[in-house]
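**Q** Dropping a structure here in structure tokens format, bear with me for questions.
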Amino acid sequence: MVSPLRHTLIALSKSSQMQKIIVGIPISRRMARRFVAGETLADAIEAIRATNGAGLLATLDYLGEHVYNQAEASVNADEYIRALQAIQQTGVDANISIKLTAMGLAVDDEFCYHNVRRIVQAAAELGNFVRIDMEDSPVTDRSLHIYRRLRAEFPNVGVVIQAYLYRSEEDVRSLMEQGMAHLRLCKGAYNEPPAVAFQPKPEVDQNMTHLIQLMLDSQAQFPGTYPAVASHDHRIINWTKAYAHHHGIATDRFEFQMLYGIRRDLQQQLADQGYRMRVYIPYGTRWYPYFMRRLAERPANLLFFARALVGN
């Protein structure tokens, strides 16, 4: 079940009043740097360079979500195009991840689509790839609709599927049949009601491994199916490694993904073992919601933050 503490922290991640308080505490900014590469694109490029140097790949995320006007959404898209150009110019190995609510989904779906399309087109011209992040369930259908429209024109775009949603198996099967299953599979980081999502962790884990197996088993039938297993859970990772090994699935037919600053030892271990290991590297000034979700995911992170506050 979702713990009351996690529920509270995720709720606080949406609070503008709490954001003003937390962002104003100096230790918060220092703590956030554990999970966020920095506030500038230059900071992010340096983090990618260091990540590549350790033999890991990267995906770059410009922080910001829930935009309610076209001007701000357009600025966000412009920043992503700047990031794609910087990746090309510096020669680092990274693609990008975007949130549709940062691209104007709350303004208008058609505007959002065209705003994202210019990012995807720029990425295509530069030989790069765009991942569309998945947010909470009220926008799942709209997000997948925009993804399908983009994917019908551009092959260099993928999307995220969240294992805790009941609907996810149907979504995976549909996307594989349509030849659009370049998917990041994750458990899910939002508060979702029992009406739409599994609640007990064992059920979420079971569905996660089921979706991974489904995609790996379907690669011959549906070419282009590619799962990116996004988890810090060693049980999920070990299950995936064992399943691939016992079924003769090459390591270039899937990859692992983890967040910047979390389980760095495991990230390095996987890379050293020859697996494709991609690190999700966020940057920007709007780090508060992302930071709060990271605290919600692991009590140890919150305890560390609380001790730092007391000691500050």
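**Q** GLY104 is checked against (1) part of a loop (DSSP other than H, G, I, E, B); (2) touching a residue at least 60 places away in the same chain (Cβ under 8 Å); (3) under 16 Å from ARG117 (Cα atoms) and fails just one. What number does that condition carry?
**A** Evaluating GLY104 over (1) part of a loop (DSSP other than H, G, I, E, B); (2) touching a residue at least 60 places away in the same chain (Cβ under 8 Å); (3) under 16 Å from ARG117 (Cα atoms) leaves (2) as the failure.
**Q** Can you say whether ALA58 is part of a strand (DSSP E or B), buried (at least 16 other Cβ atoms within 10 Å of the Cβ) and modelled with pLDDT of 95 or more, as far as the supplied structure shows?
**A** yes
**Q** Okay, moving on. Within the set of pairs 6 or more residues apart or between chains, which connect a residue that is of a type in the set (Asp, Glu) inside the stretch 133-153 to a residue that is surrounded by fewer than 16 Cβ atoms within 10 Å (Cβ to Cβ) and assigned to a helix (DSSP H, G or I) with Cβ atoms less than 6 Å apart?
**A** From the stretch 133-153, no pairs qualify.
**Q** Looking at (1) more than 18 Å from the chain's Cα centre (by Cα); (2) in a helix (DSSP H, G or I); (3) of a type in the set (A, V, I, L, M), which is the one condition that is false for ALA47?
**A** Of everything listed in (1) more than 18 Å from the chain's Cα centre (by Cα); (2) in a helix (DSSP H, G or I); (3) of a type in the set (A, V, I, L, M), ALA47 misses just condition (1).
**Q** Quick check: is even one residue across the stretch 192-203 of a type in the set (A, V, I, L, M), more than 28 Å from ILE81 (Cα to Cα) and surrounded by 17 or more Cβ atoms within 10 Å (Cβ to Cβ)?
**A** The answer is yes, given that some residue of the stretch 192-203 is of a type in the set (A, V, I, L, M), more than 28 Å from ILE81 (Cα to Cα) and surrounded by 17 or more Cβ atoms within 10 Å (Cβ to Cβ).
**Q** Now for a different question. Look at the stretch 33-44 and say how many of its residues are assigned to a helix (DSSP H, G or I) and surrounded by fewer than 23 Cβ atoms within 10 Å (Cβ to Cβ).
**A** 3
**Q** Right, next: Could you check, for the stretch 153-167, whether at least one of its residues is in the same structural domain as LEU259 (by TED's automatic domain parsing), farther than 26 Å from GLY64 by Cβ and of a type in the set (A, V, I, L, M)?
**A** Looking through the stretch 153-167, none of the residues is in the same structural domain as LEU259 (by TED's automatic domain parsing), farther than 26 Å from GLY64 by Cβ and of a type in the set (A, V, I, L, M).
**Q** I've got another one for you. If we scan the stretch 91-103, do we find a residue that is under 26 Å from ARG278 (Cβ atoms), modelled with pLDDT of 95 or more, charged (D, E, K, R) and in the same structural domain as LEU259 (by TED's automatic domain parsing)?
**A** yes
The values are calculated or read from the model by the stated rules, or taken from the named source; none is laboratory data. These figures come from a predicted structure and were not determined experimentally. For neighbour counting, all protein chains shown are included, and Cβ atoms are generated from backbone atoms with ideal geometry for every residue, glycine included.
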